Protein chains: 2
Amino acid sequence: MIDIMKLIHTADWHLGKLVHGIYMTEQQREVLRQFVQLVEREQPDAVLIAGDLYDRSVPPTEAVELLNEVLYQLNVELKVPVLAISGNHDSAERLSFGSSWFRRSQFYLKGKLTTDFTPVRIEGVNFYLIPYSEPGIVRELLGDDSIHTHEDAMKAIIGEIEKQLNPNEINILIGHAFVLGGKTTDSERTLAVGGSGCISADVFSPFHYTALGHLHSPNALSHPTIRYSGSLLKYSFSEANQKKSVTIIELDDNGQFEIREEKLTPKLDLRELEGYLDELLDPAFYQQQKTDDYLKITLLDEGALIDPIGKLRKVYPNVLHLERKVDFLDERRKEQYFIMKEKEVSELELFQRFYEQMTTRPFTDEKRSIMKTIIESVKKEVL
Amino acid sequence: MIDIMKLIHTADWHLGKLVHGIYMTEQQREVLRQFVQLVEREQPDAVLIAGDLYDRSVPPTEAVELLNEVLYQLNVELKVPVLAISGNHDSAERLSFGSSWFRRSQFYLKGKLTTDFTPVRIEGVNFYLIPYSEPGIVRELLGDDSIHTHEDAMKAIIGEIEKQLNPNEINILIGHAFVLGGKTTDSERTLAVGGSGCISADVFSPFHYTALGHLHSPNALSHPTIRYSGSLLKYSFSEANQKKSVTIIELDDNGQFEIREEKLTPKLDLRELEGYLDELLDPAFYQQQKTDDYLKITLLDEGALIDPIGKLRKVYPNVLHLERKVDFLDERRKEQYFIMKEKEVSELELFQRFYEQMTTRPFTDEKRSIMKTIIESVKKEVL
C-alpha cells in the first residue's frame with residue numbers, strides 16, 4: 001500500500017476552442033506550458049484528465065499537435081502516468097487511436113466505454129476510467145433496458161464496478177458528467193433526479209475520490225469526495241469571475257486526502273469591463289489596465305455614440321463583445337431602443353432614427369431616397 | 001549485417017474511401033484481415049506502408065478504428081516493425097498523433113516531413129521515411145528557394161539524406177510520389193521533367209529499393225529498384241482490370257533482392273460488365289457470375305429501355321454505375337441523344353421526346369399542360 005500518493009486532477013482543456021471567433025490555442029499553449037512545469041515541480045504519482053481534451057470531435061490540427069506535445073512531455077519526458085477519458089466534446093473513437101500503445105508507458109487513455117471495468121492500478125490504488133457516454137450507449141453496452149437517464153447509466157456502470165471492487169483498497173473514479181448535490185441538500189437532489197442529464201452525488205459513494213470534468217468551475221460542486229477541477233481557461237464571459245486552477249490531491253493510505261488548488265495564468269485574461277466610454281478611453285484609467293485582455297465591455301452611456309467599438313479597439317485590441325446597458329436609458333430612449341421589435345415601423349424610419357442618433361446630422365431627402373432604393377433591393381433579394 | 005531480410009511493401013489503403021457513394025470499409029476490413037494473416041505467415045522483418053493510409057484528412061470513425069486495430073495486430077500482437085508515412089490523402093498532423101509512443105514498439109509513423117533525416121535502422125538496414133510533402137513546404141523547411149516542383153523537392157530531400165548516407169550499407173526509401181520513367185526511356189524522362197508533379201526515377205538512385213505509394217497499380221512503373229505496391233483494393237472502375245497485391249521483398253546482404261506479389265481478395269470485386277440487357281438478365285448468363293460484385297454495366301442496346309437499372313439491380317444488387325454505349329446508336333437516335341446539349345430545344349420538348357422513348361405512350365395535351373406548369377414553377381424557383 002501507499003504511504004502517500006500525490007495526484008493532479010485537471011479537466012476540460014477544450015483544445016481547439018473558439019471564443020467569439022478567436023482561437024484560444026496560444027493561451028492554451030501557455031497555460032499548458034505552466035501545467036507541465038507544475039507537474040515537473042510537484043512530481044505527482046499520476047495526472048488525471050477528466051474529459052473534454054478537445055473542444056470538438058474534429059479539432060483543428062494545431063490542437064492535435066498541442067495535445068500530442070503536452071501529453072508526450074508529461075508521460076514520456078517526465079515519466080508521469082497519465083489517466084485520461086473522453087468528454088462529451090471529444091470523439092471517443094478518434095481520441096482512442098493509439099491508446100493500446102500508450103498504455104506501455106502508463107498513459108491510460110479511455111476514449112470509449114467498454115464492458116471491461118478493470119481499474120488501472122498504480123501503487124495499489126485503483127482508478128476507474130469512465131468516459132462520457134450517452135445513456136443509450138450504456139443501455140446497449142450493458143444490455144439493460146431500464147437505463148434511460150445519465151443517472152441510470154452511471155448507477156449501472158458503478159454497479160458493474162462494484163462487482164469486483166474491493167472496498168478495503170483505495171478506489172478513485174474519473175468521470176465526465178453533470179453531478180449535482182451533496183448528500184444533504186434536498187433541493188439539489190430533486191434537481192438531480194428530475195433532469196435526465198444530471199447525476200446525484202450519492203451514486204459515487206463507493207469511491208474515495210471522484211475526479212470530475214464537465215462543469216467549468218472548481219466550485220461547481222461542494223462535496224467532501226467529489227470534485228470538479230474546473231476548466232483550463234475561462235471559455236466564456238459567464239466564467240469571467242471564476243478562478244481557474246488544477247487540483248492537487250494528497251492521499252494517505254486510509255484514503256483520506258488533502259486538496260490544494262494551483263492557479264494557471266494565461267497571457268491574456270478573459271474579463272468584463274463596465275463604464276462610460278470617455279472613462280474607458282481615459283489614459284488615467286486604461287494605463288492601470290491590462291488592455292490586451294479579451295474583454296466584454298458594457299457601456300453605461302445613454303444615447304448616441306459614434307463608432308464606440310472602433311475607439312475602444314484602439315485602446316483595447318481584443319474587445320470580443322460590446323454591450324450597452326439598456327436599463328440606464330431613459331424611458332423615451334428605451335422606447336426607441338426596443339422599437340425594432342415593432343412591425344409597424346418601416347425599415348426606412350428605423351434607419352432614419354438610427355442615422356440621426358449616430359451622426360446628429362439631418363437625414364436629407366436625397367439620403368432617404370438612396371436608402372429606400374437599397375432597402376427595397378435587399379428585400380427583393382431576400383424574399 | 002543481415003543474412004537475408006524480408007519486407008512486405010504495401011500502400012494506398014485509403015481507409016474511409018467512398019466508391020460511387022458506397023463505403024469500402026467492409027471490403028477493406030476483409031482484405032486487411034487477409035493481410036494480417038499474410039504477415040503472420042510470412043514473418044517479415046518489417047511492414048512498409050507507403051502513404052494514403054486514410055482516404056481523407058478527416059476519415060470516418062470506422063476507418064480510424066480499423067486502422068488502429070490492424071496496426072495493433074501487426075505491431076503489438078505479431079511484434080512486426082511497421083514503417084509508415086503519410087500520403088497526399090492523409091492529414092500529416094492528424095496522422096502524427098501518438099507517433100512518439102509508437103516508436104517504442106518499432107512502429108515508425110512519419111506523418112510530417114522534418115529536417116531530421118536520420119533513418120530508422122532495422123538489422124543494419126537504413127529506412128528513410130519521406131512523407132508526401134508539397135514543394136512549398138519543403139522549400140520552407142529546407143530554406144531552399146530554388147525548390148518549385150516535386151522533383152526539386154525530392155532531389156533536395158535526397159541531397160540532405162546523402163550527406164549522411166553510407167553507400168556501403170543497404171538503404172531503402174519509403175515515399176509517396178508520382179515517379180515516372182526508367183533510366184533509359186527518354187520519352188518518359190521528358191514527361192517527368194515537364195510536369196511539376198512527377199519525379200524522374202533517377203532521383204532515387206542512391207537507394208537499393210524505393211517503396212512507393214501514390215499510383216494504384218503495381219505495374220505503374222517498370223524499374224529494377226523502384227516499385228509501387230499498388231493499392232489495397234480497386235478504388236475506381238479505371239482500376240477494374242488491375243490485379244491488386246502486396247509486394248514481398250527478400251533482400252540479401254548485398255542489397256540484391258527478389259520480389260513476389262501476394263494477392264489479397266475482397267469479398268466483393270469491382271468490375272465491369274458489358275452486354276445487352278436481355279443477355280445480362282438471362283439466368284444462363286448471370287448464374288455464371290458473382291452477381292453481388294460492385295459493377296459498372298455498359299448496355300449495348302439501342303433505343304428505349306424501360307427501367308433498366310431497376311431490372312439489373314434485381315439480379316446485380318451492387319450496380320454502382322450504368323452506361324449506354326452511345327456509339328452503337330444509329331444516326332437518328334444519336335441526334336436525339338445529344339440534342340440535350342442544344343439550347344434551342346425547349347425543356348418541354350426534350351421531356352416529351354424522353355417520355356415517348358421511355359414509355360412508348362402518347363404525350364397527351366393534358367400531360368403536356370401538367371409538365372409545362374411544373375417546368376415553369378421550377379424555373380421560377382431557380383432563377
Handout entry: Residue list for segment B:11-31, filter: assigned to a strand (DSSP E or B) and either touching a strand residue (DSSP E or B) at 6+ places or on another chain (Cβ under 8 Å) or buried (at least 22 other Cβ atoms within 10 Å of the Cβ) (or both)
Key = B:L15, B:V19, B:I22
Fill in the blank from the handout: Note on segment A:196-216: residues surrounded by fewer than 18 Cβ atoms within 10 Å (Cβ to Cβ), part of a loop (DSSP other than H, G, I, E, B) and out of contact with any Asp or Glu (no Cβ under 7 Å at 6 or more places or on another chain) are A:S196, A:G197, A:S205
Completion exercise
Here the residues within segment B:1-35 that are of a type in the set (A, V, I, L, M) and more than 26 Å from B:N88 (Cβ to Cβ) are B:M1, B:I2, B:I4, B:M5
Exercise for the section: Evaluate the following for A:E123: is it touching a helix residue (DSSP H, G or I) at 6+ places or on another chain (Cβ under 9 Å) and either of a type outside the set (A, V, I, L, M) or at pLDDT 95 or above (or both)? Expected result: no
Fill in the blank from the handout: Residue set B:I161, B:I172; condition assigned to a helix (DSSP H, G or I), assigned by TED's automatic domain parsing to the domain that holds B:A84, crowded, with 18+ Cβ neighbours inside 10 Å and modelled with pLDDT of 95 or more; output residue B:I161
Practice task
Assess whether B:D116 counts as being surrounded by fewer than 18 Cβ atoms within 10 Å (Cβ to Cβ) and either more than 9 Å from chain A (Cβ to nearest Cβ) or touching a helix residue (DSSP H, G or I) at 6+ places or on another chain (Cβ under 8 Å) (or both).
Solution key: yes
Fill in the blank from the handout: Out of (1) facing chain A (nearest Cβ under 8 Å); (2) at pLDDT 95 or above, the one B:R104 does not meet is (2)
Handout entry: B:L277 touching a residue at least 24 places away in the same chain (Cβ under 8 Å), in contact with a Phe, Trp or Tyr (Cβ under 9 Å, 6 or more places away or on another chain) and not β-branched (V, I, T)
Key = no
Practice task
Search segment A:87-103 for residues being polar (S, T, N, Q) and either assigned to a helix (DSSP H, G or I) or touching a strand residue (DSSP E or B) at 6+ places or on another chain (Cβ under 7 Å) (or both), and hand back the single one that is nearest to B:A63 (Cα to Cα).
Solution key: A:S96
Completion exercise
Within segment B:119-131, the count of residues that are in a strand (DSSP E or B) and surrounded by 21 or more Cβ atoms within 10 Å (Cβ to Cβ) comes to 5
Problem - Sole residue being within 11 Å of chain A (Cβ to nearest Cβ), modelled with pLDDT of 95 or more and under 16 Å from the mean Cα position of the chain (by Cα), chosen from B:A50, B:A63 - result: B:A63
Exercise for the section: State all residues of segment B:66-84 that are assigned to a helix (DSSP H, G or I) and more than 7 Å from chain A (Cβ to nearest Cβ); if no residue qualifies, say none. Expected result: B:L66, B:L67, B:E69, B:V70, B:L71, B:Q73, B:L74, B:N75, B:E77
Problem - Test for B:V58: is it in the same structural domain as B:S229 (by TED's automatic domain parsing) and outside any loop (DSSP other than H, G, I, E, B) - result: no
Problem - Criterion (within 13 Å of chain B (Cβ to nearest Cβ), in contact with a Gly (Cβ under 6 Å, 6 or more places away or on another chain) and either under 23 Å from A:I170 (Cα atoms) or buried (at least 20 other Cβ atoms within 10 Å of the Cβ) (or both)) met by exactly one of A:G98, A:G111, A:G87 - result: A:G98
Practice task
Only residues that are more than 23 Å from A:L48 (Cβ to Cβ) and either in a helix (DSSP H, G or I) or of a type in the set (A, V, I, L, M) (or both): list them for segment A:142-155, please.
Solution key: A:L142, A:I147, A:D152
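The values are calculated or read from the model by the stated rules, or taken from the named source; none is laboratory data. All of these numbers come straight from a predicted model, not from anything done at the bench. With ideal geometry, Cβ positions are generated from the backbone for all residues, glycine too; neighbour counts draw on all protein chains shown.
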